[in-house]
Structures are given as structure tokens and as C-alpha cells.
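Trainee: Sharing a structure, written as C-alpha cells. Questions coming.
Just so you know, all these numbers are worked out from the coordinates, no wet-lab data involved. From a predicted model like this one, the values you see are computed outputs, not experimental measurements. Heads up, the Cβs are rebuilt from the backbone with ideal geometry, glycines too, and the neighbour counts pull from every protein chain shown.
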Amino acid sequence: MKLLDSIVAQAAHLATLRRDIHAHPELCFEERRTADLVANKLTEWGIPVHRGLGGTGVVGILQHGASQRAIGLRADMDALPLQESNTFAHASRHAGKMHACGHDGHTAMLLAAAQHLSQHRHFDGTVYLIFQPAEEGGAGANEMIKDGLFEKFPMEAVFGMHNWPGMQAGTFALSPGPVMASSNEFKITIRGKGGHAAMPHNATDPVLVACQMVQAFQTIISRNLKPIDAGVISVTMIHAGHANNVIADSCELQGTVRTFTLAVLDQIEARMREVAQHTCAAFGARCEFEFERNYPPTINAEPEAAFARRVMAGIVGEHNVLPQEPTMGAEDFSFMLQAKPGAYCFIGNGDGVHREMGHGGGPCTLHNPSYDFNDELIPLGATYWVQLAQTWLAPGR
């Protein structure tokens, strides 16, 4: 593994910084302390800072040479509304808030790269260091874009990275094409006619309609999509009634839909609407159908993914750059990849043994109260960011 010596030398300091962020988690669009910390560090290292995009976003501007070429590197800063179960010294000090997805580590890795690049400007052009708020459900990437991210800071490509528990530390995973799914939610209200549970012939039972509808939705996946197209429809909530001898007059279904392409998403949404409306009509009920598209699929551009893989291979060896298995989880970096070419990779976070209690504190998986970022990744992730930027902006490239 070829890590940069200056980053390795700062590893302990950067781990302390990461743990400070972990101990003070902030939810989406509330990342004021974290943004202040980031901006102060960048300023300390002589990097001009722009603040306020997406509310609490921070962009560092590293320029060197005369070239107009530019690259963007993105890290997310927000935490989750989750009660931490860890008891180590840097555990969350704010009840109900926790860095359970490693955004504290993502921020630390990009800060480590920023420090090195500020001292070793072996590139010709501009590196934009994008510290983004509100990835966890707030679509902070899209808010930064709407506030003019790519107009104020024109860049040729943008790159993102996420730690991946269960994947061996010292490895990366990256592939072209869809790597994370779209995230969408639906709410369906079935309007029936309430009545006595012992006299169902006098009522229109919305629960019966809901049961038919939930099963029918699964036929969209198995009988409407091409077998090679991936999609998920999960009904996760059904609410109806307040008494065991009363047929409710309405029933509400909620859930999520995940796809890797917008074409499949269009197909699923259209068929769900048809199934819901016609199922209600068949039973004499009425239907209110709501469908909200949250995050689009995360789709890596092939040239940028191939470029990033070559950089990774130069650091950890080709055998440690794995194929990136697509996941039905979602990521708002997808908005940036809709606007600019680029690639989103995974960096192995290990199996959890890096934690001070080892495996004794529960699973170290994303969005889990026992999660903690592996500080050993900071030099590796930072080295990748530096090599990616320097190679992209190499003079004469």
C-alpha cells in the first residue's frame, strides 16, 4: 500500500479531529459546528472558503498554476437521528443524534487531503473541496446545486466516497453504471365505508382492499418488469381502525420503491397507480395515490470510474480494487452525478474489530447504534483523494 508520508504523519491528529466530530453530531441542515470546524481548518491551511451553499455547506478552493481545469471532491457532514449505544470516550454527547454512517470519517478524510494538497500543490488547475450538508434525507447535494455549486465552481467532474462495513480495510470497490438505487416513497389512502364488523355487507372494507393491493403490487416486480431489471416495492406501514368490532372507513398504506434506472421507476409508479385505482374501484372504494421521488439512482460514468480505478490500483494494487456490487440503498450524490460526470466509490471499513470494544458492542453496520468509523482509513482515503486530484490535474494531461 502506497500511502503519502505527510498524511500518515498527521494520522493521529486527524483521528482526534474525526472523533471530535463524532462526539458532536449534527442533523441535516444543522451542521453549524461541523461547518465551522471545516472552514476554520481550511482557512488555517491557507485555503479560501465559500460558505452557505445548501445552508451549511462549505467549499474550499485550492488553486495552483494557470490551467482552467478543475475537479470536485465531495464529503458529507451530517449525522442520523439515532441514539448511540457505544460507550467509548468519543461517543455522541447529544441524545438522539449519532454519526452512524461514517460522515465524520468522510469529512476527516477530505480534510486530510486538503491539508496535504495545500502544502504540496503538485497539480495545475483547481481542486474544489465540497463539504456537503444533509445527505441523510435532506437532499443537501441538490440544495447545493440549486444554490449554484456548479455555476460558481465550474468543474469537469466530481467524485464521492463512502465507507463500507464488512468490506476489508485496505480495499476499494468501484464500477461503472448504477451502484446505488433511487429512493422513493408512496402513500395510498383507501376510502371505504365503515360499519359494524359483524355486518360487513353494509360496509366497504378498506382493509380487505389494502390486502389485495399489497399482494398485487408484487406482481409488478414479477410480471411487469423485465426479469433482468431490478426493482423493490416494500409496503412498510398499514394503518386502519381503532376498535376490533368496527370496520374502518379508511386505510392508509405507506412504503418505499427502489430502482436502478429512471425508466424502471417510471414503469413501477405508473403500474402502482393503475393497480391501486382499479383495485379500489373493483371493491367499490375510492383511492388517493401519492408518490414522491426523493433521490435518483447513483450512476457512475464509465470514463471517470475507469480513471478512478487506475488511481486506486496505484495505491492498493489491482487485486484490492473490487467490483462494486450495486445496493438498493440510496445516496444524494446521485444529484451531482446527474449534473456532472464522475464516480462514487466504496472504501472498506473492516468487520468492526477496530472499535475499542471489538465485536462486543454489537454489529458495526451502517445506521446501527453500535457503528463507528475505522480511523485506519483516514490516511488511505486521503491518499486516494490527493492522487485522484493530482492525476486528474497533471500538467499536460
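Trainee: If Rh is defined by the Kirkwood formula over all Cα pairs and Rg also comes from Cα, what ratio Rg/Rh do you get for the range 63-141?
Mentor: Taking Rh as the inverse mean 1/r over Cα pairs, Rg/Rh reads 1.12.
Trainee: What angle, in degrees between 0 and 90 and rounded to the nearest 10, separates the Cα long axis of helix 32-44 from the longest principal axis of the Cα atoms of the chain?
Mentor: Helix 32-44 and the main axis of the chain meet at about 20 degrees.
Trainee: Per 5 Å bin, what percent of the C-alpha pairs of the range 278-384 does each bin hold, from zero upward?
Mentor: With 5 Å bins starting at 0, P(r) equals 2, 9, 14, 14, 15, 14, 9, 6, 5, 4, 4, 3, 1.
Trainee: Also, I was wondering about something else. Return the unpartnered cysteines for the chain, using a Cβ-Cβ cut-off of under 4.7 Å.
Mentor: Cysteines lacking a close Cβ partner in the chain: Cys28, Cys101, Cys211, Cys251, Cys345, Cys364.
Trainee: A follow-up question, please. Restricting attention to the alpha-carbon atoms of the range 101-165, what are Rg (one decimal) and Dmax (integer), both in Å?
Mentor: 13.3, 37
Trainee: Here's something else I'd like to know. Between Val8 and Phe88, what length comes free when the chain is fully extended (0.36 nm per residue of separation minus the Cα-Cα distance, one decimal in nm)?
Mentor: 26.4 nm
Trainee: Over the chain, how many percent of alpha carbon pairs lie in each 10 Å bin up to the one with the longest distance?
Mentor: Result returned by the calculation: 5, 21, 28, 22, 13, 8, 3, 1, 0.
Trainee: Report the label-to-label distance for Lys187 and Gln254 in nanometres (one decimal), using points 7 Å from each Cα along the Cα→Cβ vector.
Mentor: Label-label distance for Lys187 and Gln254, simple model: 0.7 nm.
Trainee: Short version: ³J(HN,Hα) in whole Hz for each residue of the range 183-191, in order, from phi by Karplus 6.51 cos²θ - 1.76 cosθ + 1.60 (θ = phi - 60°), x for Gly and Pro, what are they?
Mentor: 10, 9, 9, 9, 9, 10, 10, 9, 9
Trainee: Translational diffusion coefficient of the range 78-118 at 25 °C, 0.890 mPa s, Stokes-Einstein with Kirkwood Rh over Cα pairs, in µm²/s as a whole number.
Mentor: In µm²/s, the coefficient rounds to 216.
Trainee: I'd like the projected area of the range 183-295, averaged over all directions, using the convex hull of its alpha carbons. Report it in nm² with one decimal.
Mentor: Projected over every direction and averaged, the Cα hull of the range 183-295 covers 6.8 nm².
Trainee: Here's a follow-up. Hey, what do the phi angles of the range 149-156 turn into as Karplus ³J(HN,Hα) couplings, whole Hz, using 6.51/-1.76/1.60 and θ = phi - 60°, x for Gly and Pro?
Mentor: 3, 7, 7, 6, 10, x, 9, 6
Trainee: Between Ala263 and Thr327, what is the label-to-label distance in nm when each label sits 7 Å out along the Cα-to-Cβ direction?
Mentor: Those two pseudo-labels are separated by 2.7 nm.
Trainee: I'd like the distance between the alpha-carbon centres of the range 121-179 and the range 326-397, rounded to an integer number of Å.
Mentor: Result: 11 Å between the Cα centres.
Trainee: Fully extended, how many nm does the chain gain between Glu156 and Asp351 (0.36 nm per residue separation, minus their Cα-Cα distance)?
Mentor: Gain on stretching Glu156 to Asp351: 66.6 nm.
Trainee: How charged is the neighbourhood of Met167? Take every other residue with its Cβ under 15 Å from the Cβ of Met167, and add Lys/Arg as +1 and Asp/Glu as -1.
Mentor: Charge balance near Met167 sits at -3.
Trainee: What 222 nm value per residue comes from the helices of the chain, counting each DSSP H run with n ≥ 4 as -39,500 (n - 2.57) and dividing by all residues, nearest 500 deg cm²/dmol?
Mentor: Here the helix-only value at 222 nm equals -10500 deg cm²/dmol.
Trainee: Run the simple label-point estimate for Ala313 and His201 please: 7 Å along Cα→C-beta, distance reported in nm.
Mentor: 7.5 nm
Trainee: For the range 40-131, which trypsin sites (Lys or Arg not before Pro) are in a loop by DSSP, counting at most 13 other Cβ atoms within 10 Å?
Mentor: Passing both the DSSP loop test and the Cβ count: Arg93.
Trainee: Then there's this: What ³J(HN,Hα) values, in whole Hz, does the Karplus curve 6.51 cos²θ - 1.76 cosθ + 1.60 give for the range 97-103 when θ = phi - 60°, with x put for Gly and Pro?
Mentor: Those phi angles translate into 9, 7, 7, 9, 10, x, 5 Hz.
Trainee: I've got another one for you. Mind sorting Leu208, Leu42 by how few other Cβ atoms lie within 10 Å of their own Cβ, fewest first?
Mentor: Going from least to most buried by this count: Leu208, Leu42.
Trainee: Follow-up question, since we're still on this one. Over all pairs of distinct alpha carbons, what does the Kirkwood formula give as the hydrodynamic radius of the range 245-294, in Å?
Mentor: 12.6 Å
Trainee: Grab the Cα-Cα distance for Asp20 and Ala339, subtract it from 0.36 nm times how many residues apart they are, and report the gain in nm with one decimal.
Mentor: Working it through step by step, the gained length comes to 111.5 nm.
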